[in-house]
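One structure is given below, encoded as structure tokens.
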Amino acid sequence: MKKVLFISDFYKQELIGGAESNDANLIGHLSSRCGLVCKRSRNLVEGDILSSDFIIVSNFTEVSEEIKEMIKDTKRYIIYEHDHKYVLTKDPSVFVDCVVPRNMMVNEDFYIKAESVVVLSKICKEILKKNIPQASVHSIGCSLWSNETFDYIEELSSREKTEDLCILKSANPWKNYDKTIKYCEQHDITPVELMNPDYKMFLEQMSSCKRFLFLPGLLETFSRVSAEAKMMGLSLLTTPKKLGFYSEDIHKLSGIELIDELRKRSEQALTKFEELLEI
């Protein structure tokens, strides 16, 4: 059985975020199909790299330069891109035409040497290819959810909506909680603040609302939470150019139609990972 090393800064049991939830579904799928080992990036040692047949690099902010060089020079690997780690600011959208100045580029060779860079949306592929044309980039056009979660979201989508508007209460500064609260105050809105660490309870609370307000501070590679809102039939109030989700034609869908399309895309994405890993 092929030995696959999965690298990330954090995992879902440590941090509840879109990238970590996304990774958890990929890890769950691959665990029965290969010898999968998950390691925190800060804890990597040479032996982890040398003992692997293939490497999936997710978030890698804490991977040392020495380990990156070893991966790049000795191993087959793919990058599962969550937050523009080829840009110092992690946000290419702040530059004219999303063209990143050379002095703001990082990890360029690491992206070029990867067998594939898997991104979550059309706009992320376009921007990455614009800045690193030599990179091999594939867009899956979605985040990843389990079938169990899709079933639960489908159940919630038919529930009565008794609240007006909800927002995401997050300590992550890029989610712009302060700006979102200010918007609500200016428009005399008392929002439901979504912050329950229990994922099912978070979704249930969201499903009771008619609208979701989300004003991210950088270009979200997809925006899992926005897609979840629309799957449950909420109206989405946002800045479309800041959401990778909006670069996909499915952003026009909602409810069961969107759930069905994302189920299909998730299945296709998992098959693509199997092909890339040759398992």
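Mind checking which residues of the range 3-30 are surrounded by 14 or more Cβ atoms within 10 Å (Cβ to Cβ) and over 30 Å from residue 168 (Cα atoms)? Of everything in the range 3-30, those that are surrounded by 14 or more Cβ atoms within 10 Å (Cβ to Cβ) and over 30 Å from residue 168 (Cα atoms) turn out to be 4, 5, 30.
Is it fair to say residue 243 is surrounded by 15 or more Cβ atoms within 10 Å (Cβ to Cβ), more than 15 Å from residue 157 (Cβ to Cβ) and modelled with pLDDT of 95 or more? Taking the combined requirement at face value, the residue satisfies it. Residues of the range 82-92 include at least one that is touching a residue at least 12 places away in the same chain (Cβ under 8 Å), farther than 27 Å from residue 43 by Cα and more than 13 Å from the chain's Cα centre (by Cα). For beta carbons closer than 8 Å, sequence separation of 6+ or different chains, a first residue in the range 2-14 that is polar (S, T, N, Q) and a second that is part of a loop (DSSP other than H, G, I, E, B) and open to solvent by 10 Å² or more (accessible area, probe 1.4 Å), the qualifying pairs are 8/59.
Residues being out of contact with any Asp or Glu (no Cβ under 6 Å at 6 or more places or on another chain), open to solvent by 20 Å² or more (accessible area, probe 1.4 Å) and touching a residue at least 12 places away in the same chain (Cβ under 8 Å): count how many of those fall in the range 56-67. Write out each step before concluding.
Our first condition is that a residue be out of contact with any Asp or Glu (no Cβ under 6 Å at 6 or more places or on another chain); within the range 56-67, this holds for 56-57, 60, 63-67.
Narrowing further to those that are open to solvent by 20 Å² or more (accessible area, probe 1.4 Å): 64-66.
So of that shortlist, the ones also touching a residue at least 12 places away in the same chain (Cβ under 8 Å) come out as 64.
Within the range 56-67, residues that are out of contact with any Asp or Glu (no Cβ under 6 Å at 6 or more places or on another chain), open to solvent by 20 Å² or more (accessible area, probe 1.4 Å) and touching a residue at least 12 places away in the same chain (Cβ under 8 Å) number 1.
Filtering the range 2-38 to residues that are in a strand (DSSP E or B), touching a helix residue (DSSP H, G or I) at 6+ places or on another chain (Cβ under 7 Å) and not aliphatic (A, V, I, L, M) leaves 6, 8, 38.
For the range 39-53, how many residues are in a helix (DSSP H, G or I) and not basic (Lys, Arg)?
So the answer is 7.
Looking across the range 69-105 at every residue that is open to solvent by 40 Å² or more (accessible area, probe 1.4 Å) and β-branched (Val, Ile, Thr), the one that is nearest to residue 57 (Cα to Cα) is identified as 74. In the range 134-147, the residues that are in contact (Cβ under 8 Å) with a residue 12 or more places away in the chain reach residues that are among the aromatic types (Phe, Trp, Tyr) and part of a helix (DSSP H, G or I) with C-beta atoms within less than 6 angstrom, at least six apart or across chains, in these pairs: 135/111. Once the range 182-221 is narrowed to residues that are in a helix (DSSP H, G or I) and under 30 Å from residue 87 (Cα atoms), the residue that is least open to solvent (accessible area, probe 1.4 Å) is 183. Picking from residues in the range 32-55 that are among the polar types (S, T, N, Q) and exposed (fewer than 14 other Cβ atoms within 10 Å of the Cβ), the one that is farthest from residue 269 (Cα to Cα) is 43. For first residues located in the range 219-234 and on the phi > 0 side of the Ramachandran plot, partners that are open to solvent by less than 10 Å² (accessible area, probe 1.4 Å) and in a helix (DSSP H, G or I) and lie 6+ apart or on another chain with Cβ distances below 7 Å form the pairs 223/244; 223/245.
The values are calculated or read from the model by the stated rules, or taken from the named source; none is laboratory data. Predicted, not measured: the structure shown is a model, and the values here were computed from it. A quick note on method: Cβ atoms are made from the backbone with ideal geometry, for glycine too, and the neighbour counts reach across all protein chains shown. Note: accessible area is taken over every heavy atom of the protein model, side chains too, but ligands, DNA and RNA are not part of it. Shrake-Rupley method; radii C 1.70, N 1.55, O 1.52, S 1.80 Å.
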